[in-house]
Number of protein chains: 2
Amino acid sequence: MTLESVPPAAPISELVHRARDGQPRAVGRLISLIEDGHPQLPELASALVPHTGNAQIVGFTGPPGVGKSTATSALVSSLRAGGKRVGVLAVDPSSPFSGGALLGDRIRMGEHATDSGVFIRSMATRGHLGGLAWATPQAARVLDAAGFDVVLIETVGVGQSEVDVVSLADTTVVLLAPGMGDGIQAAKAGVLEIADVFVVNKADRDGAESVVRDLKQMISLGRKELGSSNMGGPSWRPRIVQSVASRDEGIDEIVESISAHHDWMNESGELARRRQRRASSEVEAIAIERLRAELGDLRGGDALDSLAARVVGRELDPYAAADSLIADLGR
Amino acid sequence: MTLESVPPAAPISELVHRARDGQPRAVGRLISLIEDGHPQLPELASALVPHTGNAQIVGFTGPPGVGKSTATSALVSSLRAGGKRVGVLAVDPSSPFSGGALLGDRIRMGEHATDSGVFIRSMATRGHLGGLAWATPQAARVLDAAGFDVVLIETVGVGQSEVDVVSLADTTVVLLAPGMGDGIQAAKAGVLEIADVFVVNKADRDGAESVVRDLKQMISLGRKELGSSNMGGPSWRPRIVQSVASRDEGIDEIVESISAHHDWMNESGELARRRQRRASSEVEAIAIERLRAELGDLRGGDALDSLAARVVGRELDPYAAADSLIADLGR
């Protein structure tokens with residue numbers, strides 16, 4: 001996190017006002033402040049919170065090559081046709097060197113560029129491990145406060161941190177495709193278990209039926225192991241939708257499944273539980289980030305460097321060094 | 001991290017002794033203690049540190065489907081033929097539900113199962129974001145102390161946390177292959193910039209030459225941007241090796257490149273710099289983990305839950321909640 005001391009071009013309250021007024025540049029500017037770890041983020045969060053809680057946060061993930069961008073774009077069109085305002089946060093693992101997000105095939109989303117009911121943003125997460133957990137819910141809060149009905153958080157869905165982020169959505173959609181080799185295997189690590197809706201995209205290709213069959217079997221096994229996922233009330237059985245996003249086939253069914261899940265979440269009380277979990281996770285991530293920044297200040301003051309040198313020199317083990325470092329925090 | 005209070009089957013000092021004596025079960029048991037976040041880890045680190053510093057830590061990464069497991073296995077054979085003892089840590093993103101690593105095609109490594117000069121282990125990282133950064137260097141330390149000459153850390157190389165882990169190796173090898181669609185694109189996010197050696201595997205396939213050409217161009221551009229990476233002395237220009245791992249072609253060249261990089265690292269002083277950086281990162285990760293555990297204790301005590309409920313209820317913004325949480329740490 002870079003703690004820049006440069007003030008934003010306009011006061012936070014003014015930017016929030018403009019964002020709520022539907023000005024996309026203000027929305028973008030607020031998300032940039034979050035990415036940059038601007039010192040006024042507490043003020044921003046405080047200004048946004050009263051206006052939040054209305055958007056449905058949808059996590060959208062799957063391994064590379066399943067057609068995620070095409071499906072996202074088609075999904076946006078379908079949601080728009082239903083009168084929804086849609087925000088998209090495309091979360092890319094960032095380069096430790098350039099710090100930049102890969103825009104790549106984000107270009108395909110160009111068809112929505114002139115639609116004021118759509119806001120699309122690639123998010124970079126700078127530097128450190130907790131970046132995604134820390135920035136994504138805050139960016140989603142901006143879109144929520146700005147009146148977007150649905151916020152799609154799109155991730156590559158391979159790393160653990162992305163699983164963590166997407167697992168904090170109200171509804172998690174996992175996209176797969178036939179003929180990905182070890183595609184399902186790659187996605188298996190974490191994301192399959194958290195899916196509320198499965199989309200088998202490129203369903204016109206050989207092997208789609210076998211992906212569906214594998215998913216059905218996995219869902220049956222998972223339900224047996226886990227038992228009912230909520231206490232009382234009917235539980236949610238993950239839906240499986242087949243689509244060919246490039247031809248807009250199956251997209252409305254995805255939207256319908258997301259909507260059905262949202263209804264179930266409201267009725268079952270699961271929505272409140274997930275939002276509580278998301279808030280816990282965010283508060284914890286912010287607290288960790290603050291403590292990390294304090295450790296980072298120590299790094300600037302050479303404390304960490306000299307402890308590390310003693311570890312390399314085999315004088316000190318890293319636990320003893322960590323104890324010293326924490327003691328230096330003045331606790 | 002689960003802080004188990006169950007003591008290990010044998011005292012730490014005894015396990016360390018057995019591991020240094022070449023007993024693979026003791027090595028495996030010590031790595032399990034690390035994965036489990038056992039309370040005696042400080043004692044373990046302290047017992048290991050005096051015996052470390054001899055192994056070359058090699059990060060080995062690339063997107064799914066490039067033949068990483070086959071290449072790793074061939075690399076192990078080649079290193080063994082050169083008389084080296086080799087430890088392999090295969091780092092898999094873990095499932096937040098099962099907590100288990102995917103063994104998958106780890107089976108292909110079976111040919112080394114009876115070789116006492118080889119130790120292969122899939123590592124799971126439980127639960128939270130910093131898991132990889134926290135556990136991997138400690139597991140590598142076990143292998144180093146147990147007398148392995150080379151420790152290969154194999155990751156999928158897509159998530160940020162994996163880039164962070166692999167960037168802490170002495171030498172980083174990035175594996176690519178032609179015909180991966182957006183394979184290079186997928187790898188681009190972070191790992192390309194940190195490669196010391198590029199391997200273009202499946203080099204008998206169409207498109208291999210174009211991957212090599214792209215890499216050469218990228219390396220030239222990168223060097224122009226970054227300038228020389230070390231002060232004084234010759235800098236290291238990332239090597240590009242072509243291989244067909246399934247036929248053992250090019251494997252000795254990979255080993256030779258890794259060895260050449262190690263020699264350069266020693267001569268240029270870069271080895272000391274990287275090890276200092278690795279130790280800094282590890283000490284910081286342990287310190288963060290300790291602070292996180294303290295926050296977790298607060299969670300057990302409902303402080304975090306009640307703060308999160310107030311955030312959901314829009315009474316409190318998450319920064320104010322994080323401040324309260326840190327204040328509760330008694331600082």
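Bear in mind that the values in this text are calculations on the coordinates, not laboratory data. Because the structure is predicted, anything quoted here is derived from the model rather than measured. Positions of Cβ are generated from backbone atoms using ideal geometry, with glycine treated the same way; all protein chains shown enter the neighbour counts.
Per-residue HN-Hα couplings for the range A:168-173, Karplus 6.51 cos²θ - 1.76 cosθ + 1.60 at θ = phi - 60°, whole Hz, x for Gly and Pro?
Using θ = phi - 60°, the values come out as 9, 6, 5, 9, 10, 10 Hz.
Round to the nearest 0.05 the FRET efficiency obtained for B:Asn266 and A:Asp214 when R0 = 56 Å and r is the Cβ-Cβ distance.
So the FRET efficiency works out to roughly 0.70.
At B:Ser210, label 7 Å along Cα→Cβ: distances to the other copies, nm, ascending?
Taking the point 7 Å beyond Cα along Cα→Cβ, the inter-copy spacings are 2.8 nm.
For the range A:273-287, what does the Karplus curve 6.51 cos²θ - 1.76 cosθ + 1.60, with θ = phi - 60°, yield as ³J(HN,Hα) per residue in whole Hz, taken in order and with x for Gly and Pro?
5, 5, 5, 4, 5, 5, 5, 4, 5, 5, 4, 5, 4, 5, 4
Would you pull out the residues with amide H under 5 Å of B:Leu175's amide H, same chain only if 5 or more places away, H placed 1.01 Å from N?
For B:Leu175, whose amide H was placed from the backbone, the distant partners under 5 Å are B:Thr61, B:Gly62, B:Val199.
Please list, ordered by chain and number, the residues whose modelled amide H lies under 5 Å from the amide H of A:Ile240; skip anything fewer than 5 residues away on the same chain.
A:Phe198
Can you work out the Karplus-derived ³J(HN,Hα) for every residue in the range A:203-212? Use 6.51 cos²θ - 1.76 cosθ + 1.60 with θ = phi - 60°, whole Hz, and x for glycine or proline.
Each residue's phi maps through the Karplus curve to give 6, 7, 8, 4, x, 4, 4, 6, 5, 4 Hz.
A:Leu152's amide H: which non-local residues (gap 5+, or another chain) put their own amide H closer than 5 Å, with H modeled 1.01 Å from N in plane and none for Pro or chain starts?
For A:Leu152, whose amide H was placed from the backbone, the distant partners under 5 Å are A:Val58, A:Gly87, A:Val88, A:Leu89.
What is the mean number of Cβ atoms from other protein chains located within 10 Å of the Cβ atom of each residue in peptide A:302-314, rounded to a whole number?
5
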